[in-house]
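Scroll down for the structure; my scribbles are underneath it.
The values are calculated or read from the model by the stated rules, or taken from the named source; none is laboratory data. Every value quoted in this text rests on a predicted model; they were computed, and no experiment measured them. For neighbour counting, all protein chains shown are included, and Cβ atoms are generated from backbone atoms with ideal geometry for every residue, glycine included. The area values use the complete protein model at the heavy-atom level, side chains included, leaving out ligands, DNA and RNA. Shrake-Rupley method; radii C 1.70, N 1.55, O 1.52, S 1.80 Å.
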Amino acid sequence: MKSWTQNAVIYQIYPRSFKDSDNDGIGDIKGIIDKVDYLASLGIDAVWLSPIYKSPQLDYGYDVSDHREIDPIFGIMDDFKNLLKLLHEKGIKLIMDFIPNHTSTEHPWFIEARSNKTNPKRDWYIWADPAANNGPPNNWISAFGGPAWQLDEVTNQYYYHAFSPYQPDLNWRNEEVKKEMFNVMKFWLDLGVDGFRIDAVDYLFEAKDLKDEPKNPYYQPGFHQYRDQALSHIYTKGLSESIKMLGEMGKVLRAYQNKYMVTEAAEAKLSKLIEMYKIVDWRSYQPFNFSMIDLPWEAQSYREYIDCYDQAVGQNYVPCYVAGNHDKPRVVTRIGAREARNAAVILFTLRGNAFIYNGEEIGMRNRKLPKNLERDTYDEYSPGLGLGRNGERTPMQWDNTNQAGFSSFKPWLPICSDYKKVNVDEETKDPKSFLNLYKKLIKLKKENPALIDGDYIPMDSKAEKVFCYIRQSDKNKILVVINFGREKQKINLNIEGKLILNNFLDRKAGTKIDLKNLLLRGNEGMILEIF
């Protein structure tokens with residue numbers, strides 16, 4: 001029997017912005033509980049919950065101060081257990097966000113570590129003496145911009161932080177750190193969670209000798225948005241030790257039944273993703289594939305990457321695809337509303353697992369925010385570059401009432417101005433809406449034999465702006481044709497088919513279509529059963 005981890009639809013919930021139950025303007029666990037029936041109505045297999053651990057919330061939960069406690073802004077442990085129970089009753093798995101690279105400076109481990117140089121926890125973090133000029137030990141740059149070292153005045157040493165100064169890196173060469181972090185994983189697995197999304201795995205290890213990193217010869221200020229790209233990160237990112245540690249994390253999960261692990265290495269090339277697959281060597285594991293976020297919206301770009309990726313993953317492992325998340329502009333904002341419908345068709349008809357970021361299913365877009373609200377950690381440490389991520393984190397739009405049904409109080413971020421039309425209630429009633437397109441696509445992915453376990457077979461569409469492919473199983477064949485252009489495109493394939501659906505939901509299902517002479521409208525995509 002095929003595991004749920006091999007053809008799953010996984011729905012990311014950003015808890016601060018999903019549903020507020022206690023009217024403080026911040027989403028919480030009870031708010032998610034209120035919407036469990038909605039989650040079930042989508043037909044998803046699992047929820048991935050962005051961090052809800054105890055935290056100062058300086059990086060919205062990615063600065064953990066207690067890995068075994070729920071932050072009070074989200075609720076209490078009993079709320080979490082209730083959510084887990086209700087999701088499981090609906091047949092929905094729960095995946096936790098796990099942050100192994102660093103803690104908060106407010107974590108008890110770091111408070112101990114900085115108390116003096118001989119403290120037993122001192123070696124749980126990365127420390128170094130100042131350079132000869134009393135500056136940082138080397139030239140390393142944090143992912144958020146600026147030096148990756150922070151002087152601790154208590155002990156007059158610097159500690160290393162791959163991200164912000166309030167997120168000191170753990171020392172994964174210390175066996176006690178490794179054991180304790182694995183115990184954290186076991187704590188949540190013993191509670192019944194179904195797996196982990198593991199954050200920033202390519203930063204777990206740094207070179208021991210602390211050599212300066214070389215300058216990136218291709219770096220161009222203004223062209224490269226992120227300041228850390230000024231260096232080539234050969235000593236701080238993607239080290240072989242980091243990749244090998246994934247194999248050990250996988251062993252922790254494999255000691256349990258039917259668990260899942262997905263890992264984030266945001267800029268990893270295809271060769272590195274395949275290396276991760278091979279190191280973990282487990283069909284219930286994938287490294288995130290962010291290609292659909294980063295590729296230009298062009299038929300040729302998609303065709304070339306997906307052909308290469310699918311072939312490289314092969315049959316031994318399971319591919320995965322991501323259209324958006326809490327760190328990147330929303331799909332509709334990036335490529336357009338009509339185009340986003342086609343992106344959804346691609347997402348749910350390719351092999352393997354598909355990830356949805358909450359709000360994508362109703363076509364939410366970024367909101368342009370005033371500077372004081374747009375700022376997050378990136379803006380704090382790389383100001384003036386427009387790198388703030390809060391535009392894609394605005395609250396979920398449930399209905400057309402005040403605050404879009406998210407809260408009765410002023411939310412932590414303002415609601416998008418289009419909420420009167422773009423919301424769950426309105427789209428539930430509209431048979432051609434984004435929401436109903438997503439529901440139909442998810443249902444199709446879960447029920448159609450070719451989409452459950454069929455091969456991916458690339459096709460030549462004979463049209464420059466059209467991407468097409470077949471999914472084929474022993475039982476049936478599915479053809480997907482996507483017009484990436486805004487103008488009509490003529491298809492000429494020696495195939496006949498029967499329409500399952502198109503992305504606009506305005507053609508009659510079951511209609512016979514001759515693909516020798518098919519005229520696709522601008523931005524139209526189709527899924528057909530072929531004979």
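Numbers for the structure displayed
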item	result
In the range 515-531, the residues that are over 34 Å from the mean Cα position of the chain (by Cα) and open to solvent by 70 Å² or more (accessible area, probe 1.4 Å)	LYS516, ASN517, LEU519, PHE531
Leading residue by the ranking (surrounded by the fewest Cβ atoms within 10 Å (Cβ to Cβ)) among those in the range 129-156 that are farther than 21 Å from ASP202 by Cβ and aliphatic (A, V, I, L, M)	ALA132
Residues that are in contact (Cβ under 8 Å) with a residue 60 or more places away in the chain and either within 21 Å of the chain's Cα centre (by Cα) or at positive phi (or both), drawn from the range 296-328	TRP297, TYR302, ILE306, ASP310, VAL318, GLY324, ASN325, HIS326, ASP327, LYS328
Residue list for the range 22-78, restricted to those being of a type in the set (Val, Ile, Thr) and outside any strand (DSSP E or B)	ILE26, ILE29, ILE32, ILE33, VAL36, ILE44, ILE52, VAL64, ILE73, ILE76
In the range 257-295, the residues that are in contact (Cβ under 8 Å) with a residue 24 or more places away in the chain, part of a loop (DSSP other than H, G, I, E, B) and either in contact with a strand residue (DSSP E or B) (Cβ under 8 Å, 6 or more places away or on another chain) or open to solvent by less than 60 Å² (accessible area, probe 1.4 Å) (or both)	LYS259, GLU264, ALA265, ALA266, ALA268, TRP282, SER284, PHE288, ASN289, PHE290
Residues located in the range 18-40, provided they are over 20 Å from HIS326 (Cβ atoms) and either touching a Pro at 6+ places or on another chain (Cβ under 8 Å) or of a type in the set (Ser, Thr, Tyr) (or both)	SER21
Residue in the range 176-183 that is touching a strand residue (DSSP E or B) at 6+ places or on another chain (Cβ under 6 Å), buried (at least 18 other Cβ atoms within 10 Å of the Cβ) and not in a helix (DSSP H, G or I) present	no
Of residues in the range 298-335 being in a loop (DSSP other than H, G, I, E, B) and open to solvent by 50 Å² or more (accessible area, probe 1.4 Å), the one nearest to ASN523 (Cα to Cα)	GLU298
Candidate set from the range 194-221 (those that are open to solvent by 90 Å² or more (accessible area, probe 1.4 Å) and either touching a Cys at 6+ places or on another chain (Cβ under 6 Å) or not in a loop (DSSP other than H, G, I, E, B) (or both)); member that is nearest to ILE126 (Cα to Cα)	LYS215
Elements of type helices (runs of 4 or more DSSP H) in the range 336-405, at least 3 residues being touching a residue at least 40 places away in the same chain (Cβ under 8 Å) and more than 16 Å from the chain's Cα centre (by Cα)	337-349, 377-381
Any hit, the range 10-17, residues being in a loop (DSSP other than H, G, I, E, B), in contact with a Pro (Cβ under 8 Å, 6 or more places away or on another chain) and surrounded by 23 or more Cβ atoms within 10 Å (Cβ to Cβ)	no
In the range 49-61, the residues that are in contact (Cβ under 8 Å) with a residue 24 or more places away in the chain and open to solvent by 10 Å² or more (accessible area, probe 1.4 Å)	SER55, PRO56, LEU58, ASP59, TYR60
Hey, ILE442 open to solvent by less than 50 Å² (accessible area, probe 1.4 Å) and either in a loop (DSSP other than H, G, I, E, B) or within 21 Å of SER301 (Cβ to Cβ) (or both) or not	no
Selected residue (criterion: least open to solvent (accessible area, probe 1.4 Å)) from residues of the range 118-128 that are in contact with a helix residue (DSSP H, G or I) (Cβ under 9 Å, 6 or more places away or on another chain) and either at positive phi or part of a loop (DSSP other than H, G, I, E, B) (or both)	ASN119
Matching option when the condition is among the acidic types (Asp, Glu) and in contact with a Lys or Arg (Cβ under 9 Å, 6 or more places away or on another chain), among ASP209, ASP281, ASP202	ASP202
Members of the range 492-531 that are assigned to a strand (DSSP E or B) and within 13 Å of TYR469 (Cα to Cα)	GLY525, MET526, ILE527, LEU528, GLU529, ILE530
Test result for GLN167, at pLDDT 95 or above, under 27 Å from PHE355 (Cβ atoms) and not aliphatic (A, V, I, L, M)	yes
PHE484 modelled with pLDDT of 95 or more and surrounded by 20 or more Cβ atoms within 10 Å (Cβ to Cβ)	yes
Residue list for the range 370-424, filter: aliphatic (A, V, I, L, M) and open to solvent by less than 40 Å² (accessible area, probe 1.4 Å)	LEU387, MET396, ALA404, LEU413, ILE415, VAL422, VAL424
